[in-house]
Structures are given as C-alpha cells and as structure tokens.
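Below: the structure, in structure tokens.
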Amino acid sequence: MPDISELMTNLITVVQILVAVLSGFFVAFTIAIVVWTFRDMRSRSRDILAQILAALVVLIFNIPGLLIYYLMRPKETLAEGYERALSEEALLQDIEEKQACPGCKQAIQSDYMVCPNCHTKLRKPCVNCGKPLHLKWGICPYCGTTQGAASVVAPVPEEETVPEKTL
C-alpha cells in the first residue's frame, strides 16, 4: 500500500504542474488581449496616447478591462470612416451633377428652358442674347443686359456698306 507522504508528494507535483500550465495560459492570454486591444485601437484612432491607455486598461484589469475597452472604443475604424466619407462625397457629387425638374423630379439638362415631361418653366431667355437664364436672375451674366420689359436693348445696327463706284 502506498504511503500517504508519497501520495501527498505526487498530489503536490500534479497541482504545481497544473498551476504552472494555468499560469502560463493566463499570461499568454493576457498578452494576446493586450496586443489585440492595441492593434484594434490603432486601427480606430491615430492618437498614440489613446492606444497606449487602452492597452494599459486591458493589461491592468484583464477581462473587465477588455469589457471597458469595448464600451469606450470608437465605433468605426479609420478605414471604415474613410470609406464612408468617400461614399458620402460621391453621393453629393451625383446629386450636384444631376439636375431635376422641381415639378416632376425628372432628370433635366442645364440648358432646358422648359421641362419636357411636365412643361414647368425652368429658365427664361435673355432679352438680348437669348441664352438660358435662371428665373430669379435680373441680369444676364453672358452679355450684361438687365432683364425686364423696360430694359430691352435695341440691337446695334450693322454698318451699311456703300457700293463702290464703278468706272
């Protein structure tokens, strides 16, 4: 029959090995979550102080620190923010480039005088040069003519050509 002191020695050895393995796992796990936190924060912020503080919170508090980090971290990465800004800019450019009729919202071109779909008046012709003007404009930006019935400018008469005398 085995001696009690021998069993105690074996039990202590098994417990020491188990504690060493669990301690190694805990240290490796802690290092892994600290590195992951630092990399994740680096992808979300350019501020080095915020990156270091996030890693320190996880290092000091371990799993509760990771939960605190999850609650406090920025919701989007820098790449996601950049992509969102690009898509918003592209949408704004599409909106600015595409003109629509105020009456029927159909696509129109910038030089249309009347909407071809609903016949809404979009522009008015300049009284002098005939170029399309916005309805609110009081002066033509192309020829400088003031718009309105009282400001009609008479066209400049062309020089009359005098026939040459034949000899």
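Values in this text are rule-based calculations from the coordinates and carry no lab data. All values derive from a computational prediction rather than experimental measurement. Because the Cβ atoms are built from the backbone with ideal geometry, glycine has one as well, and the counts that use them run over all protein chains shown.
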**Study point:** Range in the chain, longest, excluding exposed trypsin sites (Lys or Arg not before Pro) [loop by DSSP; at most 14 other beta-carbon atoms within 10 Å]
**Key:** 1-45
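Over the chain, what is the relative contact order in whole percent, taking alpha-carbon pairs under 8 Å and six or more residues apart? Spell out each step's value before the answer.
Working: 128 pairs, mean separation 15.0, N = 167.
Normalised by residue count, the contact order of the chain is 9 percent.
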Point to revise | Mean Cα-pair separation over length for the stretch 1-60, i.e. relative contact order, pairs under 8 Å, 6 or more apart, % | key: 29
Check your understanding: Hey, what angle do you get for helix 78-97 against the long axis of the chain, alpha-carbon based, 0 to 90 degrees rounded to 10?
Key -> 20
Point to revise | Rounded, prolate or oblate (a/c below 1.5 giving rounded, otherwise prolate when a/b exceeds b/c) for the chain by Cα gyration tensor | key: prolate
Review point. If exposed GluC sites (Glu not before Pro) are those in a DSSP loop with at most 13 other Cβ within 10 Å, what is the longest stretch of the chain that has none?
Key: 77-157
Review point. For a label point 7 angstrom out from the Cα of L135 toward its Cβ, which stretches of the stretch 102-122 have the backbone nitrogen within less than 12 Å?
Key: 102-104, 114-115, 119-122
Review point. Expressed as an acute angle from 0 to 90° and rounded to the nearest 10, what is the orientation of the C-alpha long axis of helix 4-44 relative to the principal long axis of the chain?
Key: 10
Study note, to complete from the structure: Under a Gaussian network model of the chain whose springs join Cα atoms within less than 10 Å, the largest fluctuation of Q109, Q93, Q16 belongs to Q16
Practice item. Taking H placed 1.01 Å from N in the peptide plane, check which residues at least 5 places from I139 or on another chain put their amide H under 5 Å from its amide H. Key: Q147
Practice item. Just subtract the alpha-carbon distance of I4 and A90 from 0.36 nm times their residue separation and send over the number in nm, one decimal. Key: 23.0 nm
Revision key, fill the gap. Computed over the chain: longest principal axis from alpha-carbon atoms vs helix 48-72 long axis, angle to nearest 10 degrees, is 50
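How much net charge surrounds R123 when only the other residues with a Cβ under 13 Å from the Cβ of R123 are counted, with Lys and Arg +1 and Asp and Glu -1?
Numbers: positive: K121, K124, K131, K136; negative: D111.
Charge balance in the 13 Å sphere: +3.
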